[in-house]
Amino acid sequence: MSHSMTGPTGSAAPGGPAPADASLGDLIKAMSADLSRLVHNEIQLAQTEMSAKIKQAGVGVGAFGGAGVLALYGIAVLIAAAVLGLALVLPAWLAALIVGVVVLLVAGVVALVGKRKVSEAAPVAPERTVASVKEDVAEIKESIQR
């Protein structure tokens, strides 16, 4: 969000003297007001951007939660079916033990994949705001060097 140090009429502040006619005190006062307004606007932009991201993530997490509960019930039924199927050819305790070990191995693999994906996830940051602040800093540095 790039901002000019002057108002739309070319004055240092709305209703104030033109920059060529303004005293150093007036220019510093106008720059201070512009900088204050700029920082306030950047903070508002960051809050708005983060709020939208958090809301979107919350909806996604809720949907994953519902899907997870249903998947848990489905997996439990399939595990019971696997135990009952193996129990036809093996003692029931051995069938349950084998199925239990397989389920734990699958859980371990899924946990490792999940850990890797979480560590690869991009950090949640207000990217547009960061870029905008960098532009603002560059513009302020440029205007100071003039």
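Throughout, read-outs are computed from the coordinates displayed, never taken from laboratory work. This is a predicted model, so every value here is computed, not measured. Note that each Cβ is placed from the backbone with ideal geometry, even for glycine, and that neighbours are counted across all protein chains shown.
See the values below:
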read-out: Near-label residues of the stretch 97-116 by backbone N, under 17 Å of a point 7 Å along Cα→Cβ of ALA81; value: 99-100, 103
read-out: Cut-off 17 Å (backbone N to label point 7 Å along Cα→Cβ of ALA121), residues of the stretch 50-73; value: 50-68
read-out: Gained length - VAL130 relative to SER32, 0.36 nm times residue gap less alpha-carbon distance; value: 33.2 nm
read-out: Cα gyration tensor, the stretch 41-115 - rounded (a/c under 1.5), prolate or oblate; value: prolate
read-out: Label point distance in nm, LEU90-LEU105, each placed 7 Å from Cα along Cα→Cβ; value: 1.1
